[in-house]
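To start, the structure itself, in structure tokens.
The values are calculated or read from the model by the stated rules, or taken from the named source; none is laboratory data. None of these values were measured; they are calculated from a predicted model. All Cβ positions, glycine included, derive from the backbone under ideal geometry; neighbour counts span all protein chains shown.
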């Protein structure tokens, strides 16, 4: 009989977090109205679209080039940028069923999941980066154990940081290798680990190569089927149904 | 650098257009089409007999509208979705504008009054300020009272000046 899952890792972008409501016309429309520059709405939307073409994806902009939203898109309007940062948090939502799943897993099953996500900026205190701030704002942070990134691992309850994760990568698997060492110290083996994510190259293939159970989240980005995927879920209600058989 | 370059575009039905682009444009890069459901609300107004109806298009979360009120009109109207109507690819969500029990305009007036008190300034003092300071301060007051210009800041300032004059 397969061992029961004791460690659950969750990818953040387009997986736990749903950006569907974060649309440029809404975002820049609200900002322009708040700073009284309604005539700039189409200009800012157009520039944001151009910026996306430069960096290929919105996450690419957010992770490494957010300063250009201020300098290029918003003409250096710091008040507008401050609103952007607040609105970004406000308009990002939990993926359908993600909150219910997290509470169930943590409270009923006693497994606090960990966020395993790319983060380009240096890790600061809990709530200072976009991901842990999202967890705080959505009231979910207390149900999570660690925030694990190539910038370091952080205990979300205490804020303690483990810098040895700096320089690791999800894609080349070094982050998972180090994580396995940590988990081994807690007596957790690879067969007792599960990850939920949407990208093969970072969330599915490297963990599967290390013996993890993999759930491919298809609710936002559906990359198609993958030989390294054990289960597919289009929302977190389906993730919960799968997890009920694993824990 | 030339001020502008031009791109020529031809459709399959023979339609041709020219569009000006940046003068430093080097080459075509790519073309892509996005298919996505978009929602646009259309708020329609009665006008005097013989005039065409008034209309404003709302593109901010149109399905989440709660209530509307024409200032100086018949009070609040709450929206109740009553039916949908499909015509080809177009789907309409139709609402009834039911008389509401609240006083939306009154709520805004009260919010403005509260902010004036918090800021320690009277409506008269604010209206007596010279431009552009006056519009700037009125804009700040409105934002603090949670009311924004939907289409232009001039609409907001105009509305606020009218409101402040009545206080």
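Within the range B:48-59, the set of residues being in contact (Cβ under 8 Å) with a residue 60 or more places away in the chain and within 11 Å of chain A (Cβ to nearest Cβ) comprises just one member, B:58.
In the set (1) at pLDDT below 95; (2) surrounded by 12 or more Cβ atoms within 10 Å (Cβ to Cβ), the condition left unmet by residue B:95 is number (1).
Residue B:150 fulfils the conditions (1) over 17 Å from the mean Cα position of the chain (by Cα); (2) within 14 Å of another protein chain (Cβ to nearest Cβ); (3) touching a residue at least 12 places away in the same chain (Cβ under 8 Å); (4) surrounded by fewer than 16 Cβ atoms within 10 Å (Cβ to Cβ) except for a single criterion, (1).
Filtered by the rule that a residue be in a loop (DSSP other than H, G, I, E, B), over 30 Å from residue B:70 (Cβ atoms) and within 11 Å of chain A (Cβ to nearest Cβ), the range B:17-47 gives B:29, B:30, B:32, B:34, B:36.
Taking residue B:66 and the conditions (1) loosely packed, with under 10 Cβ neighbours inside 10 Å; (2) within 29 Å of residue A:41 (Cα to Cα); (3) free of Cβ contacts under 8 Å to residues at least 12 places away in the same chain; (4) more than 14 Å from chain A (Cβ to nearest Cβ), which numbered condition does it fall short on, given that it satisfies the others? Looking at each condition in turn, residue B:66 falls short on (3).
This table checks each residue for (1) more than 30 Å from residue A:145 (Cα to Cα); (2) within 18 Å of the chain's Cα centre (by Cα); (3) touching a residue at least 24 places away in the same chain (Cβ under 8 Å); (4) not assigned by TED's automatic domain parsing to the domain that holds residue A:123.
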| site | (1), (2), (3), (4) |
| --- | --- |
| A:11 | no, yes, yes, no |
| A:36 | yes, no, no, yes |
| A:64 | no, yes, yes, yes |
| A:77 | yes, no, yes, yes |
| A:81 | yes, no, no, yes |
| A:86 | no, yes, no, yes |
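Of all residues in the range B:116-140, none satisfies the criterion of being closer than 26 Å to residue B:58 by Cα, over 19 Å from the mean Cα position of the chain (by Cα) and more than 9 Å from every other protein chain (Cβ to nearest Cβ). Do you know which residues across the range A:112-134 are touching a strand residue (DSSP E or B) at 6+ places or on another chain (Cβ under 8 Å) and at pLDDT 95 or above? Selection gives A:113, A:114, A:115, A:116. Annotation: of all residues in the range A:55-66 being within 14 Å of chain B (Cβ to nearest Cβ) and out of contact with any helix residue (DSSP H, G or I) (no Cβ under 8 Å at 6 or more places or on another chain), the one that is surrounded by the fewest Cβ atoms within 10 Å (Cβ to Cβ) is A:56. For the range A:6-24, a residue qualifies if it is within 13 Å of chain B (Cβ to nearest Cβ) and either farther than 20 Å from residue A:82 by Cβ or not in a helix (DSSP H, G or I) (or both), and the qualifying residues are A:20, A:21, A:22, A:23.
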